[in-house]
Structure formats: C-alpha cells, structure tokens
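> Take a look at the following structure, please.
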Amino acid sequence: MNAPIIKCHNLSHSYSGKTALSNISFTCESGEPIGLVGPNGAGKSTLLNILCGFMRSASGDVTLFGHKPGASALSGRVSALPQDAQLDPAFSIGEQLYFYARLQGLSTQQAKHETSRVLEAVALKDVLKEKPSALSHGMAKRAAIAQALIGKPKLILLDEPTAGLDPVNMRKIRTIITELSLVTTFIISSHDLAELGRLCQQILLLDKGIMSTMQLNASENNKPTRFLTLQMEPCSAPDVQAKFNSIAGISRVSNPQKNEFIIEYNPEIQPSMDLNIITCINDNNWQYRQLSQGKTLEEKLFFDGK
Amino acid sequence: MIPSFLKHTSLICQFELKRFFATRKGLLYMITFAFIWYLILFYPIRFSSDFLGQQQNTPEGNSFFQFIGFGSLLNWRIPELGVYWHFSLVIFPLLTVVTSADQTCSDRNRGTLRFVCLRVSRGSLFFGRFSGIMLTQAILILASLLSTVALIAFRDTTLLPVAFNSASAIFLSLVIALLPFTAMMAALSATVQSARQATSWAILIWTFLAWIISIFSAYLPALNSLKLLIPGYQISNLSQLAEWQTLQLAYIPLLQTIILLSIGRWIIHRQSL
C-alpha cells in the first residue's frame, strides 16, 4: 500500500458565512489519477486552492507529502493548473517556463532543456518564443499544463483542465495525463464525467461542502445485482423496456434519458446478460450505439438511489 | 535541490529587471524617462546653473534665492547638481509611485502569481519584486546622474572629482528616499485589485492622512509625530540640505521602509491568490 500523499482532517472553509467546505477528511495515495467532482459551487476549486497553498482554510489540517500547503519543501514535488490562471502577457511562453524551472532549482542548462521537454510533451514546441496573447484558448491551456509538468512533480492538481477545449485538444490532454500517470499522481477537478470515467479509478465527490469517495471498480462486483447501460438509436422506449423486462434475470429497466436504458439484472440467473441484450436488439431489428458494463459515472454519482 | 530564500528573491529580482529593460512596456517607460530627463538637463539644469553661478557670490543673489525658498541651491559646490537634487526629489518619488504600483496586483488578478507561488514563498515573491523595482530605480537614478555629470564635464572637466563626490551623495540619498515609496506601493499592491487603485490610495495617504494628522495634532500635539510614517515626510527638509548632509535624515525613510515592508509582507501572507 502506498503512503498517503494528501491528508485532510476536518477541513472547513466558508466565504462570508456561506459554507464552502464542511469538516472534510480524506486521504489520497499515489497512483492512478483521482477525480474530483461536484456541482458548481460545491467547493472543488476552494479545496484545490487550499491544497496548492493559494488560500488558507478556516480550520482543519492539510498536509501534502507531510508538509503544509505552500511549504518550500513542496516546490518541484507538487504542481498545479489553477483554474483560469493565465501566464504573464509581457513575456514569451519560453521565458516564463524557463523562469519557473529556475525557481524550482534547475540550472540554466537544465531549465532550457526542461522548457523544451514540457512544451514538446504538450505539442507546443513551436510556441517557445510566442507571447501568451498569440495562443488560442486550447494552446494557452496546454501551455499552462506545460508549466505544471516542469521538474516532473509527484503530484499535479488540475482544475478543469479541459474546460472550454475542443475534442481534439481534450484528447491531447487526456493522453498527456495517461502517459504521465505512471510516475505522477493527478487530481483532476472536472465536470466532464465521461473524461473522469476514462481516466480515474477513484472519485472524490464534493457536494454542499461535504466529501464522499468512490472506487469505480470495486463498487459493482460485490453487489447481488449488476447493471448494463445501453444507448439506442431513436426508438420507442416503452417497447424496448417491455421486451427487456421479459428476459429472464432482468429485474428492472429504467429510461433516465432519451434513448438511454439502465438494465439491472441478477448475474447468478444470467451471467452473460450482455449477449442476451444484443440478441434481443437483433431479433427486433433495433439499432444501438453503445452497450457498457455498469452505470455511467453520472448515474453513480448523482442519480443512484434517486 | 530547492533554492534558498535569497536565491529565489534574487531570481525574481532579475526577472523584474528583465520586465523593465527587455519588454515593450518597459522600453516605452525608458523612452519617456529619457525624454523627460533630456528636457530637464538641457533647459532647467543647464541654464539655471549658469544663472546660479553668476548669482552665487553676490549678496543680492543670495537674498533672492533665500526669499524664494531655494537658498539651499547655493550650498552646492556645483550648481547643476543642486538643481538636479531639487528636481529629482519631486520627479523620482512620482515616477516610483507610477512604476511600482503594479508589483503584484494585476498578476494576482490574472492568476499569474499562482504559478510563481507554487515554486517560491510569498516572502520571496514580495521582497524579490520590491528589490527588482528598487534596482530599476537605482539604475535610472545612476543614468540621469551620469548624464548630469557629463554635462558638468562638458562645461569644466576640472569639476569632475567634485561632481562624482556630490553625485555619489545624491545617488545614495535618493535611493534611500525612494525606499519607503516603493515599500508603500508594494504593500498597497498586495492589497488592492489594480495599479490604478494602488496609485489612488497612495495619493489619499499623502494628502488626507497628513491632513487628518494635522487636525488631530492641533488637539494632541504628540500625534504630529505620526507624520513620520508618511513616505516623503522628510523631503521638504531634505531639499534644504546639500551634498553629504542629505544623509542626515536617512533614518526616517529607512524606518518607514522597515515598517511598510513588514505591513506588506503581513498582507501578502494572508492574501488569497
């Protein structure tokens, strides 16, 4: 078992009497990326800002690698992509990354090399001499991610890394995270649950200042019933539900969204329910888009049991 | 290995110098500065030195300058430097307020400070930027002083040893006089949202604070000593002194600087970025 890299104990914070975080306690271990989700105003950015040392919590204890947030000992070990933070418009991207590398203790040669390396990692080597104003939104985001990669930190906190990006740039950022997650632990705050579902095994859910954690793999295998999520091409929902309900082993079919069905079944009666579903679709000449094991992350986090 | 506090401060100071001397905004400021000093050098300093030189040894001239409040000009061995001293005591504090108003505020608003504070302590950031601005001011003072000395040498090369001696006194006194202005702007910049707000607060502190203290000290004279905390409080007295005497009042700006930097550091440590 890995040693915890983040320890939070009874962390609380409020803005003008409005609670942002309420007695949050959790630990994070190094390894797979960890997702941080929650509705707007849930306190995600507040939590990340406290972890980065950008603001102080009203009460509670936080340590990263055993040090208080913002401690000098964390320089180079912890990095972040703060939400909406922009690079200095007066200097080129290269000059700023070089400066940050020097602040992390790299020599002039190492800092030059590191600047090239991180820009290459985010596919921005050509913008070394460009000012931030010359970059598109997606490029600026990737440049900001590049600064977070300087010095190969052990922990990187990303606040909305793909917000406002086009699909191509979103995929680029996901690839960067996947490639680096072997040596770096990422904590990713995002509203894009599909993206977190792809990247993370552990999710921290923050709602109204209260935190709960979820292990994505562990949650379903121990239960007596399992779920399939089916996305159909346009179809008649009552017909589909009626046909599926007649299959042995299926206990419930719900239709949470248009053309989306969640099928609850008993694996002891029918272990390979997915094959039965496909056969049923084929027999009825329906078309489907996607069939996946389990519920979507969105269902698990926000609608389970509702 | 993580760099020390001093190493971080030095790196941030160097970056501030680069901001001033190698960016478009900095170069624009330098051109403006050079143009202002060109006008001051070639008109007031050059002509008034001729005039002062003629009046220095006549009783009428002495009384005239005493009458208009510029008698101290006659105490300078080289008139150009006396005139330079009077101009610089007004111009440099004003330029300092303008150039040092944005030490941290716009970077804080933009989020750029977050990138820096992931790597350095807030203390290093605060003192690094303060040192960078002070070093910039020192370079500008030196450049304007050397051009004045060049003007003196053009008139009479035998005056060069005296000119360098007096210019050294001016350089040291001016740098010390500017310390509390820069420290005040560092503290204000750590508090407010924009450079404009910082400048407005600086003007309010100068005018209203001095005015309020004056009113209250009419009832309680001991309060008058609070004026010592206002940057530039000693400047009117400083203008009456000449050459190395100007360092007699150096304790006032140095004390002000220590207090203002302590306040600024306290603010930036508690400020959310």
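The values are calculated or read from the model by the stated rules, or taken from the named source; none is laboratory data. Given the structure is predicted, the values throughout are model-derived calculations rather than measurements. Every residue, glycine as well, gets a Cβ built from its backbone with ideal geometry; the counts of neighbours run over all protein chains shown. Please note that ligands, DNA and RNA were not included when accessible areas were found on the heavy atoms of the full protein model with its side chains. Shrake-Rupley method; radii C 1.70, N 1.55, O 1.52, S 1.80 Å.
> For the range A:108-132, how many residues are open to solvent by 50 Å² or more (accessible area, probe 1.4 Å) and either within 13 Å of chain B (Cβ to nearest Cβ) or modelled with pLDDT under 95 (or both)?
Matching residues across the range A:108-132 total 11.
> So, B:Val149, is that one surrounded by 22 or more Cβ atoms within 10 Å (Cβ to Cβ), part of a helix (DSSP H, G or I) and in contact with a Phe, Trp or Tyr (Cβ under 9 Å, 6 or more places away or on another chain) or not?
Taking the combined requirement at face value, the residue does not satisfy it.
> Name the residue that is nearest to the other protein chains (Cβ to nearest Cβ), counting only residues in the range A:66-107 that are out of contact with any helix residue (DSSP H, G or I) (no Cβ under 7 Å at 6 or more places or on another chain), assigned to a helix (DSSP H, G or I) and open to solvent by 40 Å² or more (accessible area, probe 1.4 Å).
Looking at residues that are out of contact with any helix residue (DSSP H, G or I) (no Cβ under 7 Å at 6 or more places or on another chain), assigned to a helix (DSSP H, G or I) and open to solvent by 40 Å² or more (accessible area, probe 1.4 Å), I get A:Ser72.
> A further question follows. Among the residues of the range B:196-203, is there at least one that is among the polar types (S, T, N, Q), open to solvent by 60 Å² or more (accessible area, probe 1.4 Å) and over 21 Å from B:Ile259 (Cα atoms)?
Taking every residue of the range B:196-203 in turn, at least one turns out to be among the polar types (S, T, N, Q), open to solvent by 60 Å² or more (accessible area, probe 1.4 Å) and over 21 Å from B:Ile259 (Cα atoms).
> Could you say whether any residue in the range A:283-300 is within 29 Å of A:Ile34 (Cα to Cα), open to solvent by 60 Å² or more (accessible area, probe 1.4 Å) and among the small types (Gly, Ala, Ser)?
Initial filter on the range A:283-300 (within 29 Å of A:Ile34 (Cα to Cα)): A:289-300.
Those left that are additionally open to solvent by 60 Å² or more (accessible area, probe 1.4 Å): A:289-290, A:293, A:298.
Next, from what is left, pick out any that are among the small types (Gly, Ala, Ser): none.
Within the range A:283-300, none of the residues are within 29 Å of A:Ile34 (Cα to Cα), open to solvent by 60 Å² or more (accessible area, probe 1.4 Å) and among the small types (Gly, Ala, Ser).
> Does the range A:39-65 hold any residues that are among the basic types (Lys, Arg) and facing another protein chain (nearest Cβ under 10 Å), and which are they?
A:Arg56
> Identify all residues within the range A:16-38 that are over 17 Å from A:Gln215 (Cα atoms) and touching a helix residue (DSSP H, G or I) at 6+ places or on another chain (Cβ under 8 Å); write none if there are none.
A:Ala20, A:Leu21, A:Ile24
> Can you pull out the residues in the range A:255-282 that are within 25 Å of A:Gln202 (Cβ to Cβ) and either within 23 Å of the chain's Cα centre (by Cα) or open to solvent by 50 Å² or more (accessible area, probe 1.4 Å) (or both)?
A:Pro256
> Another question, then. Residues in the range A:29-42: is at least one part of a strand (DSSP E or B), surrounded by fewer than 18 Cβ atoms within 10 Å (Cβ to Cβ) and under 22 Å from the mean Cα position of the chain (by Cα)?
Within the range A:29-42, one or more residues are part of a strand (DSSP E or B), surrounded by fewer than 18 Cβ atoms within 10 Å (Cβ to Cβ) and under 22 Å from the mean Cα position of the chain (by Cα).
> Can you tell me how many residues in the range B:19-43 are buried (at least 16 other Cβ atoms within 10 Å of the Cβ) and within 14 Å of chain A (Cβ to nearest Cβ)?
Of the residues in that region, 5 qualify.
> Within the range B:72-120, work out how many residues are open to solvent by 30 Å² or more (accessible area, probe 1.4 Å) and part of a loop (DSSP other than H, G, I, E, B).
Matching residues across the range B:72-120 total 2.
> Tell me yes or no: at least one residue of the range B:252-259 is more than 14 Å from chain A (Cβ to nearest Cβ), under 30 Å from A:Ser57 (Cα atoms) and either touching a helix residue (DSSP H, G or I) at 6+ places or on another chain (Cβ under 7 Å) or loosely packed, with under 15 Cβ neighbours inside 10 Å (or both).
yes
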